[in-house]
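A short write-up of the structure that comes next.
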Amino acid sequence: MRRVLEAIWGSLKLAAVGGAIALGSCTTARTILKQAPTDLPSDWQPLSRQSLPDPLARELLQAHVYGQMELSPDVEVVDYQITSTGAFDGRATLVQWHLRIGYGAAVRDLDLVALIPNEHPNAPMILSQNFCPNNDVVPLEGVRAPANIGFNCSGGGLAGALFGNIFGRYIVTPPLQDIIDRGYGFAATYPSQVIPDSGESGLAALGALFPNQPKRPGALAAWAGLFEVAADTIETKFGERPMIAYGHSRFAKTALLAGAWSDRIDAVLAHQSGTLGASALDDDTGEPLDDMVRAYPHWAGPGITPFADTPASLPVRPADLLALIGDKPVLLGNARRDVWSDPWGAFTEAKSAWGDAFGAESPADFRPSDTKAYWLRPGTHGVVKEDWPAFLDFLDANMAKD
Ligand code: GCU
């Protein structure tokens, strides 16, 4: 028996050493093993150039990075239902819409679910875009799964638990009770209903919705427009209120785009937005642009192709996108071991874009009361228990509640 155990232990050690060697020899894994800095070197200088002026920055970002922004598709309400007026011990009303979105050439369906606080008539709404369908994000009785989508995050099942252990407690479902208790509404959409999040079917959907358009949106631009659709739909029914675009990772990229383009979005929580989000493209840190363009060919617009290998030659940079968000509150969330998302590159772009309005003296300097804030926690890519308290502290300091 002892021999068997020793043999198993020996193989495990061998596998661990082999794994470490394999990890160390692959770029992605080497990135995973690094940590982002917490200090700003005393000789660090922001970009020497000013952010590009507004119309030019928008033009260049659309032409060479994201494709045309699509903010106002036609929206038909196919179905609206009040699912419960007493969610969370009577504190919120749970409502759902089934929308049909038309971009001219074709239509797509989108489900929107919202929790509207009962005690705060004009509560700010946190609009989220998610990897998981609405019934996983808001796992309350009666919340519909989107039709014809063969994907779920399994709520509380094994897959959900596994997902949660890797990417954090709140990767699928945010702390809804805390959000409602702190006086915010929450809404969720699953943007893959409109543009599937896969290279082949994503490009096919984009081609069908925007035929013969050399400047057609990439999926990020099309998804970003859905924040405005959600804001409009909720305001039409429940009245005007502050709207916050929230997303993690790929949907942090879309939240930043929505903040920069849409007048209906008043604040942005962009957690770990990385490449094509807030992070620098020319600092040789984090996800290389050409990797992204290869792995996710549907995300950017067609104009990115000539720059995929040479991002330093792009005539526009992430700081220009951040500057377009103007004076709206923005929180950039980061984690030290998430170097794939390049936290350092997000900090330096924010410094360049926002100047004195971005008061953090170093990446470790979280100032939730500032309009432009940067949050860096230990750990890796995901949404963990420390993240939402930080997001809500930032919102409490920056959003007016009724
Ligand atoms: C991949 C991708 C990132 C993206 C992330 C996510 O890692 O390379 O750009 O942000 O997925 O959405 O979780």
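Read-outs: derived from the displayed coordinates by stated rules, not from any lab. Everything numeric in this text was worked out from a predicted model, so none of it was measured. Cβ coordinates were reconstructed from backbone atoms using ideal geometry, including for glycine residues, and neighbour counts include every protein chain displayed.
Counting each DSSP H run of 4 or more residues in the chain as -39500 (n - 2.57), what helix-only mean residue ellipticity at 222 nm follows after dividing by all residues, to the nearest 500 deg cm²/dmol?
Estimated from H runs of four or more residues: -10500 deg cm²/dmol.
Return the FRET efficiency for the residue pair residue 45, residue 364: r is the Cβ-Cβ distance, R0 is 25 Å, and the value is rounded to the nearest 0.05.
0.80
Antiparallel as a % of all DSSP beta bridges within the chain, to the nearest 5?
50
Below 8 Å between Cα atoms, with a sequence gap of 6+, how large is the relative contact order for the range 88-180 in percent?
It comes to 23 percent, rounded to a whole number.
Would you mind calculating the relative contact order of the range 244-402 from Cα pairs under 8 angstrom and at least 6 residues apart, reporting the percent as a whole number?
With pairs under 8 Å counted, the relative contact order is 23 percent.
Mind putting a number on the dipole of the range 2-398 about its Cα centre? Charges go on the C-beta only, +1 for Lys and Arg and -1 for Asp and Glu, and I need it in Debye to the nearest 20.
Roughly 1020 debye, rounded to the nearest 20.
For residue 290 and residue 305 in one chain, what is 0.36 nm times their gap in residues minus the Cα-Cα distance, to one decimal in nm?
Residue separation times 0.36 nm, minus the Cα-Cα distance, leaves 4.5 nm.
Can you tell me, using C-alpha contacts under 8 Å and at least 6 residues apart, the relative contact order of the range 2-398 as a whole percent?
Relative contact order comes out at 19 percent.
Find how many whole Å separate the alpha carbon centroid of the range 249-318 from the alpha carbon centroid of the range 76-91.
35
Enumerate the lysines that residue 351 could reach by cross-link, defined here as Cα to Cα under 26 Å, with residues fewer than 8 away along the same chain left out.
Straight-line reach from residue 351, under 26 Å: 34, 253, 328, 372.
For labels at residue 235 and residue 386 in the simple 7 Å Cα→Cβ model, what's the distance in nm?
3.6
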